[in-house]
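Reading through the structure tokens given below for one structure.
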Amino acid sequence: MLDVVRELAEEKNATPVQISLSWLLHKDVVTAPIIGPKTVEQLEENLGALDIELTGEELVRLEEPIEPAWAGQGT
């Protein structure tokens, strides 16, 4: 998944943190990601996620590597 995050960050001229936070903001079950910046620069970087729009295709790219594989599923 990290490889996909890095690829999208490069494509969108963003940071991996911004892509990750943007992905969380696109999830209906997440109402407020907890970010915990330690510096003003980190806060500014985190807030940059609000400007990133992810397409449906990009969301699929991000989520594809995390399909759960449960024991006994024949994986």
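Note on the stretch 1-13: among residues that are part of a helix (DSSP H, G or I) and not hydrophobic (A, V, I, L, M, F, W, C), the one that is surrounded by the fewest Cβ atoms within 10 Å (Cβ to Cβ) is D3.
Considering the stretch 39-63, and only residues there that are charged (D, E, K, R) and in a helix (DSSP H, G or I), the residue that is surrounded by the most Cβ atoms within 10 Å (Cβ to Cβ) turns out to be E58.
Taken over the stretch 46-65, residues that are at pLDDT 90 or above and either of a type outside the set (D, E, K, R) or more than 20 Å from M1 (Cβ to Cβ) (or both) amount to 13.
Determine which member of the set P68, P16 is at pLDDT below 95 and either out of contact with any strand residue (DSSP E or B) (no Cβ under 9 Å at 6 or more places or on another chain) or surrounded by 14 or more Cβ atoms within 10 Å (Cβ to Cβ) (or both).
Details: P16 fails: at pLDDT below 95.
Only one candidate passes the filter, namely P68.
The values are calculated or read from the model by the stated rules, or taken from the named source; none is laboratory data. From a predicted model like this one, the values you see are computed outputs, not experimental measurements. As a convention, Cβ positions derive from the backbone with ideal geometry for all residues, glycine included, and neighbour counts pool all protein chains shown.
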